[in-house]
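Accompanying notes for the structure given below.
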């Protein structure tokens, strides 16, 4: 498997751990709808959170969260709409980014709530 895939998997695992520590229940990982994918869908009380996880091993080209494009945000929203209707969700939702930086033995997580809508 390519190194960037391993880095992405590690980032998702760290994001899951982080969110669970913050009291979120992970409902689904890697939810797919047509050409869209949502990395994590989490729930906290009556709030459903759609999470895009971005992981980088260095910051030479910018912070991980800067790599969530407008196109990616639209795809996530499209998949979220499908998930909401398929699961008859009638409460609040939010779109977050969890940016993970793994450099050597150092791990940094930046959780951005309401990242896009």
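A short reminder: the numbers here are calculations on the coordinates, not readings from a lab. Computed from a prediction, not measured in an experiment: that's the story for all the values here. Don't worry about glycine lacking a Cβ; one is built from the backbone with ideal geometry, like all the others, and counts go over all protein chains shown.
Tabulated data
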item	result
MRE, 222 nm, helices only [DSSP H, n ≥ 4, -39500 (n - 2.57), over the chain, to nearest 500]	-10500 deg cm²/dmol
Convex hull (Cα only) mean projected area of the chain, reported in nm² to one decimal	7.5
Antiparallel content of DSSP bridges confined to the chain, in %, to 5	65
Normalised contact order of the chain, rounded percent, pairs of Cα under 8 Å and 6 or more residues apart	25
Calculated FRET efficiency for the pair residue 85/residue 37, C-beta based, R₀ 22 Å, to 0.05	0.80
